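First up is the structure itself, then whatever we jot down about it.
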Amino acid sequence: MKSQIIVLDFGGQTCHLISRRVRDLGVSSEILPFTVSLDQLRNLNPKGIILSGGPASVYEVGAPTIPKEIVDHCVSKKIPILGLCYGHQLLAKILGGKVAPKTSKEFGKTNLTVKNADGVLRGLKPIEIVWMSHGDQVEALPEGFEVYASSSTCPIAVYGNSDTNIYGAQFHPEVRHTLSGNQILANFIIYICQCEKDWEMKSLIPILIQKINDQVGLNGQVILGLSGGVDSSVAAVLLHNAIGDRLHAIFVNNGLLRKGEVEQVQTSFKERFGFKNFHNVDAEEIFLSRLEGIVDPEQKRKIIGFTFIEIFEEEAIELGEKFPNIKFLAQGTIFPDRVETAATSNSSSKIKSHHNVTLPDRMKLELVEPLREFYKDEVRRLGRELGMPEEIIVRHPFPGPGLAIRCVGEVKKEYLNLLRDADAILTEEIQKTGIYNELWQAFAVFLPVKTVGIMGDFRTYEYMCALRIVESTDAMTANFAKIDWDLLERISTRIINEVRGFNRVVLDISNKPPSTIEFE
Ligand code: XMP
């Protein structure tokens, strides 16, 4: 299938999100590095090009750019271009406009005044809320361009030239905070580029299976880290469809799992999906002993990641004696995991390391990551297309490092047990009320802070439990969920009454950004 929209990556955190929004509109898209050559572009023959945002400044030495001949080619072939944020500034500069630094950076929700509700802004209201995040801005337009919209601090927030179909927007239409973002992208993709809506998830399954077979070969065997979460479960079923019993699913109990999880995962995969090669490894002791005394979140993640890989390798060696063709390690890594580790392009900066992708150099197994291009909700759609049951599909995401990053500070079995019990109560109450599927995640967090309480006639001095309940569509941004007070009260009362060790429950009311979903 030909990619109809090419997204050129200038290192922005939301570059992949742009491509994903294009797919949401039913149009295929592909991300290419900004270093793409004119010949490559010519061969791909896209119907439109989007230039992503990025952290650089267009006048910096070595700032990412594209040759003007690419823009000229697009103009001559009538291929529309949309520049976003850095892409907006870069296009203006390449075409002879002027970009200058602002004295103060603009970050967050901004009111946009629409001056020309046409082109990419077709059908928009006179005032729209958009998401800005920039230091520089366009100060003078290239010849032949007009201002389509402005904000109080950014006079050229959207520009365009309806003859050449080149547009630029200083803000990010791809993030949900830009309320008409999808409309803007649809205007560009469907109305201006006139793309066909011919992309759907189902058509991807045979392509993904083929890719797995190409990488693994006819005899290759694969081990997979099965966590029980939706990502690794969908990856496992996809791989099972592709290579059958040549897949060895290894489930590591790292002692950092939720209540009852070990039993649930075994039952699902062995009995329901009929996995013949399901291996259960109990490694709780080794994980917890290595985490002893460690409080730094990054260090915790690294220890868990390395231990996990080590155990895999040990298991693989053991299995390798029986199955000499085990040469691959499959993981349910999805796109946001790679964004946050800055493993998506050379130009983005590191935020957090995710254990799925911090592999040691001595790693002997080749990685198979069939879901690496997808967002969580796309993985769910894929799982449904694969015929997987809803209870696995709609399960809230659970991070690779597990409860260790929800146990703030040092990780101890005593704390984990408290956390598991509180978390199970929270989940049960949320499920009972029927709002589980509306939430992205709802979980408990252990805070190693002791405060005073009173129970019966006794003074207590116990730890604190935080509730993190968020709504999101892709984990790139998230809002705390404004759930019913009575439900919150039931959860809090049950936790304090039933979990001996907590005497206080607090609610996290921060959004992402600037906070993250997990506490560490
Ligand atoms: P944050 O905390 O970065 O989380 O806002 C975004 C999403 O990613 C999940 N998460 C992880 N998943 N390994 C994972 O597999 C990790 O190390 C990890 N850290 C965060 C988190 O649960 C949320 O859904």
Q.
So if I place +1 on the C-beta of Lys and Arg and -1 on the C-beta of Asp and Glu, and nothing else carries charge, what would the dipole magnitude of the chain be about its Cα centre? I want it in debye, nearest 20.
A. 700 debye
**Q.** Cα gyration tensor category, rounded, prolate or oblate, for the range 406-507 with a/c compared to 1.5
**A.** prolate
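Would you mind counting up the charge near residue 7? Only other residues with Cβ under 13 Å from its Cβ, with Lys and Arg at +1 and Asp and Glu at -1.
Details: positive: 20, 21, 23, 47; negative: 9, 30, 174, 373.
Cβ neighbours under 13 Å give a net charge of 0.
Counting only protein chains, not ligands or nucleic acids, how are 159, 436, 191, 59 ordered by accessible area (probe 1.4 Å), most first? The partial results should precede the final answer.
On the way: 159 0, 436 30, 191 90, 59 120 Å².
Putting 159, 436, 191, 59 in descending order of accessible area: 59, 191, 436, 159.
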Q) Amide H to amide H, which residues 5 or more places from residue 481 or on other chains are under 5 Å from it, using H placed in the peptide plane? A) 469, 470, 471
**Q.** Dipole axis of the chain (+1 Lys, Arg; -1 Asp, Glu on Cβ), positive-most option in 8, 84, 219
**A.** 84
Q | Carbon/sulfur fraction of accessible area - the range 201-393, other protein chains in place, 1.4 Å, % | A | 49 percent
Q: Have a look at 45, 119, 325 and report the one farthest towards the positive end of the charge dipole of the chain, computed about the Cα centre with Cβ charges (Lys/Arg +1, Asp/Glu -1).
A: 119
Q | Net +/- balance of residues flanking residue 148 in space, Cβ distance below 15 Å, scoring K and R +1, D and E -1 | A | -1
Q. Tell me which lysines have Cα within less than 19 Å of residue 432's Cα, excluding those fewer than 8 residues away on the same chain?
A. 259, 482
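When only the heavy atoms of the protein chains count and the probe is 1.4 Å, how do 430, 509 rank by accessible area, highest first?
On the way: 430 0, 509 110 Å².
Sorted descending by solvent-accessible area, the residues read 509, 430.
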Q: Have a look at the range 274-321 and give its Rg and Dmax from the Cα atoms, expressed in angstrom.
A: 13.2, 41
Q) At 222 nm, what helix-only mean residue ellipticity would the chain give, in deg cm²/dmol to the nearest 500, using -39500 (n - 2.57) for each DSSP H run of four or more? A) -9500 deg cm²/dmol
Q. Rounded to the nearest 20 Debye, what is the dipole magnitude of the range 406-507 about its Cα centre when Lys and Arg each give +1 and Asp and Glu each give -1 at the C-beta?
A. 360 debye
Q.
Just the number: Rg to Rh for the range 53-122, Cα atoms, Kirkwood Rh, two decimals.
A. 0.99
Q | Carbon and sulfur %, accessible surface of the range 5-192 computed with the full protein complex present, 1.4 Å | A | 51 percent
**Q.** Scattering curve values for the range 201-393, log₁₀ I(q)/I(0), Debye with Cα scatterers, q = 0.09, 0.18, 0.19 Å⁻¹
**A.** -0.32, -1.39, -1.53
Q. Measuring with a 1.4 Å probe in the full set of protein chains, what accessible area per residue, in whole Å², belongs to the range 406-507?
A. 47 Å²
Q) With Rg and the Kirkwood Rh both taken from Cα atoms, where does Rg over Rh land for the range 5-192? A) 0.92
Q: With a cut-off of 13 Å, note down the residues of the range 187-226 whose backbone N falls inside the zone around a label point 7 Å from the Cα of residue 162 toward its beta carbon.
A: 192
Q.
Could you sort 60, 292 by their accessible area in this structure, using a 1.4 Å probe and putting the largest first?
A. 292, 60
Q) Pairing the Cα long axis of helix 204-216 with the longest principal axis of the chain, what angle in degrees results, from 0 to 90 and rounded to the nearest 10? A) 70 degrees
Q.
Leaving out ligands and nucleic acids, and using a 1.4 Å probe, what accessible area per residue does the range 5-192 come to in Å²?
A. 39 Å²
Q: Treating cross-link reach as a plain straight distance, find the lysines whose alpha-carbon is under 23 Å from the alpha-carbon of residue 322, omitting any fewer than eight places away in the same chain.
A: 270, 276, 364
**Q.** Taking all pairs of distinct alpha-carbon atoms in the chain, Kirkwood radius in angstrom
**A.** 24.9 Å
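The values are calculated or read from the model by the stated rules, or taken from the named source; none is laboratory data. Bear in mind that the values here come from a model prediction, so they are computed numbers and not experimental data. With ideal geometry, Cβ positions are generated from the backbone for all residues, glycine too; neighbour counts draw on all protein chains shown. The protein model used for the area step is the full one, side chains on, heavy atoms only, and it has no ligands, DNA or RNA in it. Shrake-Rupley method; radii C 1.70, N 1.55, O 1.52, S 1.80 Å.
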